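Please read the structure below before turning to the comments.
The values are calculated or read from the model by the stated rules, or taken from the named source; none is laboratory data. On a predicted model such as this, the values are computed, not experimentally measured, just so you know. Here the Cβ positions follow ideal geometry from the backbone for every residue, glycine too, while neighbour counts run over all protein chains shown. Note: areas computed on protein heavy atoms with side chains; ligands, DNA, RNA excluded. Shrake-Rupley method; radii C 1.70, N 1.55, O 1.52, S 1.80 Å.
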Amino acid sequence: MELKVYNINGTETGRTVTLDDSIFAITPNDHAIYLDCKQYLANQRQGTHKSKERSEISGSTRKLGRQKGGGGARRGDINSPVLVGGARVFGPKPRDYRFKLNTKVKQLARRSALSYKAAENAIMVVEDFTMEAPKTKKMVEIVNNLKVAEKKSLFVFAEPNNFVSLSARNIPNVMIAKSSDINTYGIMNCANLIVSESAVAEIARILAVK
């Protein structure tokens, strides 16, 4: 698959870039995409949730009523879970939600996500550009020139540019990523994937079928 290369003014440069079919034109594996997105979202969870159980809340341990004959559930003390203000049974505890996913599955998921975007004609290649200072106004102009301002867009660069990242961080629906850091969730969560020329080659190197 060949894509035209655009400059930051939104005009064609006359050059084209060939996308590797083994990365951008495979039959997508939906289950691999699901697993990779699930792992990414699980890794974002802090896991610090906590509620107090019966032994952790303050209150008298005096038995409130007789064991039988009261007509309701038995209650040991004021901390009983059956009472309002009592403890919680099997409440959440701090835990780690991360889980292991094989590298080959993660790579298959990324190739599947990129293939979906290529099939939807949602990938645009732009020539490499940098900024000499953080300028949000300049970045807004670039986004408008490329006609991707209306929907969520992910810009992918081979090397991180701090000024570009600073210029884009206050713009709604615009995200910046390094080619080695793109993930399946980020790809699927954007409507437009704008990739620099050098990033195309870097993605091909990282996701090459071995």
Per residue, what accessible area does the chain have, given a 1.4 Å probe and all protein chains present, in Å²?
62
Using alpha-carbon pairs under 8 Å, 6+ residues apart, how would you state the relative contact order of the range 1-96 in percent?
22
Using the charge dipole of the range 138-210 (Lys, Arg: +1 at Cβ; Asp, Glu: -1 at Cβ; taken about the Cα centre), state which of C190, I176, A204 has its Cα farthest towards the positive end.
C190
Residues with amide H under 5 Å from that of V174, placed H, sequence gap 5 or more
S153
Loop-exposed GluC sites (Glu not before Pro) per DSSP, neighbour cap 12 Cβ within 10 angstrom, longest uninterrupted part of the chain
1-119
Any chance you could check the Cα centroid distance between the range 90-119 and the range 142-160 for me, in angstrom?
24
Treating only the Cβ atoms of Lys and Arg (+1) and Asp and Glu (-1) as charged, compute the dipole magnitude of the range 1-109 about its Cα centre; round to the nearest 20 debye.
1440
If you place +1 on the Cβ of every Lys and Arg and -1 on the Cβ of every Asp and Glu, how big does the dipole about the Cα centre of the chain come out, in debye to the nearest 20?
2100
Could you check the simple spin-label distance between D96 and T27, using points 7 Å along Cα→Cβ, in nm with one decimal?
3.8
On the protein heavy atoms, probe 1.4 angstrom, tell me the percent of accessible surface of the range 1-126 carried by carbon and sulfur.
50
Compute, for the range 46-171, the length of the dipole vector about the Cα centre, with Cβ point charges of +1 (Lys, Arg) and -1 (Asp, Glu) only. Units Debye, rounded to 20.
1240
